[in-house]
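Below is one structure, written out as C-alpha cells; the observations come after it.
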Amino acid sequence: MPYAITLHLLAAVIWVGGMFLAYVCLRPAAAAVLEPPQRLTLWAELFRRFFSWVWALVAILILSGHWMILQFGGFAAVGLHVHLMLVTGYMMMALFGHLYFAPFRGLRRAVASADWAAAGAQLNRIRRIVGINLVLGLVTIANAVGGRLLYA
C-alpha cells in the first residue's frame, strides 16, 4: 500500500504542479517576452512533452487509486472524501481528454501551418480548460488531505 500511495501522490503533484507552473508562471512570462509565432510554437512543444507525461500520470492515478480502494474493502468501505476524489479526478481526466483531442490538436495543426490567429484561438481554449483543471486539481488535493477529517 505505501507504494500505491506514493505513486498516486507523485502523479497528482506532477500533474497539478505542471498546470500551476504553466498557467501561473510561464503563461504571463511568455506573453511578456515572446512574439506570437515564438510563443505559440513554445506552447505547442511544451504541451506535446507535458501531455505525454499526463497520459502516464492518468494511468498511474487510475490504477493506484482503484487498487487502494480495493485494499480498503471496496467503494462501500471508503469515505465520502474518496468518492469526491474520484468524481473530481475523473472530471479532470475527461477535460484533459477533450483538451488533448480537440484544442491541442488544433493548436499543433495551426502552428505547423503558421496560422497564428487560429493557433492563438486554440491556445485560449487550452488556457481555459487548464485553468478549470488546475482549480479541480487543487480542490482534489485539498479534499485528499483534509477530506477524511471533514467527512468523518
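The values are calculated or read from the model by the stated rules, or taken from the named source; none is laboratory data. What you see is a predicted model; the values in this text were computed from it and never measured. Glycine also receives a Cβ, built like all others from the backbone with ideal geometry; neighbour counts cover every protein chain displayed.
Taking the residues in segment 104-120 that are assigned to a loop (DSSP other than H, G, I, E, B) and not polar (S, T, N, Q) as candidates, determine which candidate is farthest from Gln38 (Cα to Cα). Give the derivation first.
First, the residues of segment 104-120 that are assigned to a loop (DSSP other than H, G, I, E, B): 113-115.
So of that shortlist, the ones also not polar (S, T, N, Q) come out as 114-115.
Working: Ala114: 11, Asp115: 12 Å.
Of everything passing the filter in segment 104-120, Asp115 is farthest from Gln38 (Cα to Cα).
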Requested in this report: Only residues that are free of Cβ contacts under 8 Å to residues at least 24 places away in the same chain, of a type in the set (D, E, K, R) and surrounded by 13 or more Cβ atoms within 10 Å (Cβ to Cβ): list them for segment 1-53, please.
Outcome: Arg39
**Report entry** Whichever residue in segment 13-30 is among the aliphatic types (A, V, I, L, M) and touching a helix residue (DSSP H, G or I) at 6+ places or on another chain (Cβ under 9 Å) and, among such residues, is farthest from Thr140 (Cα to Cα)
**Finding:** Ala30
Requested in this report: For segment 26-38, indicate whether the set of residues that are modelled with pLDDT of 95 or more, more than 14 Å from Leu107 (Cβ to Cβ) and polar (S, T, N, Q) is non-empty.
Outcome: yes
Report task. Can you tell me which residue among Tyr151, Tyr90, Tyr100 is aromatic (Phe, Trp, Tyr) and either in contact with a Leu (Cβ under 6 Å, 6 or more places away or on another chain) or at pLDDT below 95 (or both)? Result -> Tyr151
Report summary line: The condition from (1) assigned to a helix (DSSP H, G or I); (2) under 23 Å from Thr6 (Cβ atoms) that Leu123 misses is numbered (2)
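Residue-by-condition table, conditions (1) out of contact with any Ser or Thr (no Cβ under 8 Å at 6 or more places or on another chain); (2) of a type in the set (Ser, Thr, Tyr); (3) under 21 Å from Ala56 (Cα atoms); (4) touching a residue at least 60 places away in the same chain (Cβ under 8 Å):
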residue	(1), (2), (3), (4)
Leu99	yes, no, yes, no
Arg105	yes, no, yes, no
Ala110	yes, no, no, yes
Ala121	yes, no, no, no
Arg128	yes, no, no, no
Requested in this report: Confirm whether Leu57 is out of contact with any Phe, Trp or Tyr (no Cβ under 7 Å at 6 or more places or on another chain), closer than 22 Å to Met92 by Cβ and surrounded by 13 or more Cβ atoms within 10 Å (Cβ to Cβ).
Outcome: no
Report task. Spot the failing condition for Gly73; the list is (1) under 27 Å from Ala11 (Cβ atoms); (2) at pLDDT 95 or above; (3) in a helix (DSSP H, G or I), and only one is missed. Result -> (3)
